[in-house]
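Read through the structure below, which is laid out as structure tokens, and then see the notes.
The values are calculated or read from the model by the stated rules, or taken from the named source; none is laboratory data. Computed from a predicted structure; not experimentally measured. Cβ: placed from backbone, ideal geometry, glycine included. Neighbour counts: every protein chain shown. Accessible surface areas use protein heavy atoms only, side chains included; no ligands, DNA or RNA. Shrake-Rupley method; radii C 1.70, N 1.55, O 1.52, S 1.80 Å.
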Amino acid sequence: MSKDDGTVEITHKTIGPSRPSRIRVASRIKVRDLRNAIAEKGRFPVANLRMILRGKALQDEEDGEDVYVTLKDEDSLTVAVVPKRPVGVETFDDDDDEDELKFKLPPSASRWKRKLYYFLRNKLKLPDIILMGLFSLSLKMWVIITLWFILAPIAHRWELGPIFLLGTGFSIILLNLGKRQPGDVSAYSIFNEDFRELPGTYNAERIDRDIRAGHI
């Protein structure tokens, strides 16, 4: 029976031999909160819980926004608990391989980034490899790319295209050199203090030393 506090009592039936159960929830509720409530009452793993209402599978969010569902008294909800994969058992399911290759935003992503991601994926149908490249770049890198496209036509107009391209190449090399941590040794002895070589380096000096010692 419904109450004045805006709650309703619904029935949820778990697929299997278990009996139907009743639970009281808000009449308008987030799918995520409904899933958590049913999982807590039935002691189900939330990540493995699937729900079907009026013949439609319920999703927690759509296009980056939380999905709400409006419930009525005596509504019936079908619940399925997806079994976990046994430890140590290998499967050759192509669907699992495809899911691993799909790009997904981390849960900590901002709201505007999630909305942009769902727009590009669902509306423009961009492939996952492109989405991965777009969202893996930092804001600083996007600023650099934007400046490059702004300066490129200017360099072409002043006939400085080759110099601009060479400068771009050297800039990419310098920006990707990285920094050595204290105690790290370069693979090239000329960059190390006292020209120290890496252990196991095999060069002309090592060959000469082995010949003199009779090892060759």
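At a glance:
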quantity: Criterion violated by Arg209 - all others in (1) at pLDDT below 85; (2) touching a His at 6+ places or on another chain (Cβ under 9 Å); (3) open to solvent by less than 80 Å² (accessible area, probe 1.4 Å) satisfied; calculated: (3)
quantity: Scope the stretch 21-33; condition without any contact (Cβ under 8 Å) to a residue 40 or more places away in the chain and either within 30 Å of the chain's Cα centre (by Cα) or loosely packed, with under 11 Cβ neighbours inside 10 Å (or both); matching residues; calculated: Arg22, Lys30, Val31, Arg32, Asp33
quantity: Selection from the stretch 1-20 of residues that are exposed (fewer than 14 other Cβ atoms within 10 Å of the Cβ) and in contact with a Gly (Cβ under 9 Å, 6 or more places away or on another chain); calculated: Ser18
quantity: Hits in the stretch 12-67 - residues which are more than 26 Å from Leu105 (Cα to Cα) and hydrophobic (A, V, I, L, M, F, W, C); calculated: Ile15, Ile23, Val25, Ala26, Ile38, Leu53
quantity: Check on Leu147, closer than 30 Å to Arg111 by Cβ, in a helix (DSSP H, G or I), at pLDDT below 80 and open to solvent by less than 100 Å² (accessible area, probe 1.4 Å); calculated: no
quantity: Scan of the stretch 121-140 for residues that are basic (Lys, Arg) and within 11 Å of Lys104 (Cα to Cα), ordered by number; calculated: Arg121
quantity: Residues of the stretch 34-43 classified as open to solvent by 50 Å² or more (accessible area, probe 1.4 Å) and of a type outside the set (D, E, K, R), total; calculated: 1
quantity: Scope the stretch 62-77; condition of a type outside the set (Asp, Glu) and open to solvent by 50 Å² or more (accessible area, probe 1.4 Å); matching residues; calculated: Tyr68, Thr70, Lys72, Ser76
quantity: Residue in the stretch 101-113 that is open to solvent by less than 70 Å² (accessible area, probe 1.4 Å), at positive phi, under 21 Å from the mean Cα position of the chain (by Cα) and at pLDDT below 85 present; calculated: no
quantity: Of residues in the stretch 47-61 being more than 16 Å from Lys13 (Cβ to Cβ) and in contact with a helix residue (DSSP H, G or I) (Cβ under 8 Å, 6 or more places away or on another chain), the one most open to solvent (accessible area, probe 1.4 Å); calculated: Gln59
quantity: Which listed residue is farther than 30 Å from Asp66 by Cβ, among the aromatic types (Phe, Trp, Tyr), open to solvent by 100 Å² or more (accessible area, probe 1.4 Å) and modelled with pLDDT of 80 or more, from Phe164, Phe195, Phe170, Phe191; calculated: Phe170
quantity: Count - residues of the stretch 25-51 that are over 13 Å from Val82 (Cβ atoms) and aliphatic (A, V, I, L, M); calculated: 7
quantity: From Gly214, Gly183, Gly200, Gly178, residue being at pLDDT 65 or above, over 30 Å from Gly133 (Cα atoms) and either open to solvent by 90 Å² or more (accessible area, probe 1.4 Å) or assigned to a loop (DSSP other than H, G, I, E, B) (or both); calculated: Gly214
